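Chemist: Sharing a structure here in structure tokens format.
The values are calculated or read from the model by the stated rules, or taken from the named source; none is laboratory data. These numbers come from a predicted model, not from an experiment.
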């Protein structure tokens, strides 16, 4: 991936850099076998930044504190800084997201 000020198309690129306060990237899950939900990121905590996703395809499952949020294509999820969250996929349809 490369770092840009303008990313056209965003796929495979990152807008911003690790030193910026805001970074956005497109991410696509490779998919997995049918079955129970699977984690794509373990429970973790961001101390100094919020985490957000905009779901382009499929469904993304995000646990925000004690609440499970299933975000279908076209929806967005915001996890405020300091909120523990794991991220998973509830169905065999892999999601594509834009996240910050």
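Chemist: How many residues are closer than 26 Å to residue 20 by Cα and part of a strand (DSSP E or B) when one looks only at region 37-87?
Modeler: 22
Chemist: Taking the condition of being at pLDDT 75 or above and more than 18 Å from residue 73 (Cα to Cα), how many residues in region 3-57 meet it?
Modeler: 11
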